[in-house]
Amino acid sequence: MPVTFTLVSTAADRVEADLLAVPVFAPGELGPGAEAVDRAIGGGLVAFMEEADFEAKPGQTLAVPTNGGLGAKAAVLVGLGPRDELTVDSIRNAAAAISRRATKVKSVATTLLDAAPAELDKSAVAQAVSEGFELGGYQYLEFKSDAKPSKLERVIVVGRGGARVNAALERGRVISGAVIWARNAVNTPAAQKSPEAFAKSAQILLRGKGVKVEVLEGAELKKEKLGGVLGVGQGSENLPRLVKMTYAPAGARATVALVGKGVVFDSGGLSIKPASGMETMKTDMGGAAAVIGAMSALKDLGVKTKVVAFTPMVENMPSGTAIRPGDVLKIRNGKTVEVLNTDAEGRLILADGLSLAVEEEPDAIVDLATLTGACVVALGEKIAGLMTSHEGWGDQVHAAADRAGEQVWPLPLPAAYNKLIESEVADLKNIGTGGYGGALTAGLFLQAFVGDVPWVHLDIAGPARAAADDGVYVRGGTGFGVRTLVELLSTFKKPSANGSR
Ligand code: BES
Ligand code: MN
Ligand code: ZN
């Protein structure tokens, strides 16, 4: 990794590679290139599949011994599920399954591209092929003393399509690079990603990517009145940062603002979490990682919209200097917040980030945050919650996520629940009375800082991390949100002025 992609129109039986991967539709219908494998083994492929209980379920693979009967040295079948259920996502997941099977070879050829029916957009399918290979084969080996990195260098895509398909393969490769950066950032232990180090890693990533990067620290955070960032950060030896990123292509006619939660470790602070709840809390900067990763791809993808991004970075720790339950913070936009639970810290730093975003007078805002356990209870580990102040903008983000193959689902922002976050002593409190509907009260809290700018909040607490390998996800950080953001920014349309669809 990373791999290179070459498009060839050679016949499947003659293409030279260490491995030829061909698709099969469930329950056992040969896909493109599979006849070549069938011929190579003298016509017994269907019987061989039955013998091996291979039913071509999505992601299922089966090695077929071909004894030199092909241009490729070996062959593997990959399941695509039923032909009439085939989507771009199935192609992406099948490419990921091949990638996992191909870590011991240098080159793999595949006929996957031609498995898609004509109704599916050829560019989207080609992009999914390169994303699947790059993301499914991802490994985080930084701290493994017996690391066996994947040997895969080259993917030969057998099929037709010319320049359009080549451009789409390259697009998938660029996007995957951004996703992998975000995965690495999430997988990095908190000890190696203090706010200072995390901010520095963003600066390094974005060099030469057409993005201006400004890092605020110490006295600058005070001067800018970033009371949420300072308050959450005050308990840690590792002092907070706020990274502002600006991508301003010539001739831009619209501006989108992004905000990402960058809690490099969430202990809960004085409202400390139980040990089990802390195990994965290095993931709590997944929103910031997705935003930074996405920023790194905009220039290479030729995005025409201006994008301004803010990622507050803090470590939430208990200590003699930590913020206490009952303390009141003043956020950038002047609103005051009573902090009743120091573990509801994400919304405090996002409040500053969103206030700054509004000041840019953007056409729309998206924030991404591993914000609430309640969202994971509601939607599980694979689906992000989508909350919005503007139906049309919500639909636009939802559609981009669907095209990108990331699952999101709408949750409401019920105005009637605003009373649950009213404070006795300040403008707002940072937890909802009663504790029910925690994803919604968190969303309502954020809404108090977005003014009337069309805004979408993605609660990625579930999908920022994968508990097991699944499709393009590899156990650990997923980089969730990067693909949605780049798809959204590549196709951005200004939301309507009246908040409707
Ligand atoms: N970072 C957590 C949310 C989280 C929980 C993300 C589980 C991923 C998995 C957030 O800062 C948090 O602690 N939220 C609290 C809010 C509560 C105190 C109102 C929660 O969800 O329990
Ligand atoms: Mn927390
Ligand atoms: Zn948190």
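The values are calculated or read from the model by the stated rules, or taken from the named source; none is laboratory data. The model shown is predicted, which means the values in this text are computed figures rather than measured ones. Here Cβ is always computed from backbone atoms with ideal geometry, including for glycine, and neighbour counts include all displayed protein chains. Only protein heavy atoms, including side chains, enter the accessible area calculation; ligands, DNA and RNA are left aside. Shrake-Rupley method; radii C 1.70, N 1.55, O 1.52, S 1.80 Å.
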If we sort 314-323, 85-94 on the protection proxy, mean other Cβ atoms within 10 Å, highest first, what's the order?
85-94, 314-323
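Multiply the residue gap between K73 and A275 by 0.36 nm, knock off their C-alpha separation, and tell me the result in nm, one decimal place.
Gain on stretching K73 to A275: 67.7 nm.
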Taking square-rooted eigenvalues a ≥ b ≥ c of the alpha carbon gyration tensor, is the chain rounded, prolate or oblate, where a/c under 1.5 means rounded and, failing that, a/b exceeding b/c means prolate?
prolate
Evaluate the distance, in nm, between pseudo-label points positioned 7 Å from the Cα of F48 and of E29 along their respective Cα→Cβ axes.
2.2
Along the Cα-to-C-beta direction of N498, a point sits 7 Å from the Cα; which residues of region 377-407 have their amide N less than 19 Å from that point?
389-396
Sort 171-180, 131-140, 31-40, 215-224 by the packing proxy (mean of other Cβ within 10 Å over each peptide's residues), most packed first.
131-140, 171-180, 31-40, 215-224
Could you size up the charge dipole of region 204-490 around its Cα centre, putting +1 on the beta carbon of Lys and Arg and -1 on that of Asp and Glu, and report it in debye to the nearest 20?
580
Shape of region 204-490 from its Cα gyration tensor (a ≥ b ≥ c, root eigenvalues): rounded if a/c is under 1.5, otherwise prolate when a/b > b/c, or oblate?
rounded
So if R0 is 22 Å, what FRET efficiency would K148 and A63 give, r being the distance between their Cβ atoms, rounded to the nearest 0.05?
0.70
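Probe of 1.4 angstrom, ligands and nucleic acids ignored: what's the accessible area per residue over region 204-490, in square angstrom?
37
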Ranked by how many other beta carbons lie within 10 Å on average, peptides 431-441, 58-68 from highest:
431-441, 58-68
Axial C-alpha extent at least 24 Å, average Kyte-Doolittle at least 0.0 - helices from the chain (DSSP)
162-187
Determine the dipole magnitude for the chain: charges of +1 sit on the beta-carbon of Lys and Arg, -1 on that of Asp and Glu, nothing else is charged, the reference point is the Cα centre, and the result goes in debye to the nearest 20.
1280
So how much slack lies between E85 and E224, counting 0.36 nm per residue of separation and subtracting their Cα-Cα distance, in nm?
44.8 nm
Positive end of the dipole of the chain, charges at C-beta (+1 Lys, Arg; -1 Asp, Glu), about the Cα centre: which of V155, I204, L348 has its Cα farthest in that direction?
I204
For the charge dipole of region 204-490, defined by +1 on Lys and Arg C-beta atoms and -1 on Asp and Glu C-beta atoms about the Cα centroid, which residue among V215, A374, G235 has the Cα displaced farthest towards the positive pole?
V215
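Looking at this model, which pairs from K225/K306; K193/K282; K209/K382 are more than 19 angstrom apart at the alpha-carbon? Each step should come with its number before you reach the end.
On the way: K225/K306 25 Å; K193/K282 9 Å; K209/K382 30 Å.
Distance filter (> 19 Å) returns K225/K306; K209/K382.
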Gain upon complete extension [R39, Q139; 0.36 nm per residue less C-alpha separation]:
32.5 nm
What percent do you get for the relative contact order of region 204-490 when only Cα pairs under 8 Å and 6+ apart count?
23
Label zone at I204 (point 7 Å along Cα-to-Cβ), backbone N below 18 Å, region 164-189:
177-189
Sulfur and carbon atoms: percent of accessible area, the chain [1.4 Å]:
51
Using a ≥ b ≥ c from the Cα gyration tensor of region 407-501 (square roots of the eigenvalues), is it rounded, prolate or oblate, where a/c under 1.5 gives rounded and otherwise the larger of a/b and b/c decides, a/b for prolate?
oblate
Which distance in Å, rounded to a whole number, links the C-alpha centroids of region 423-484 and region 84-158?
30
Relative contact order (percent) for the chain, with alpha-carbon contacts under 8 angstrom and 6 or more residues of separation?
15
According to a simple spin-label model (label point 7 Å from Cα along Cα-to-Cβ), what is the distance in nm between E214 and A467?
4.3
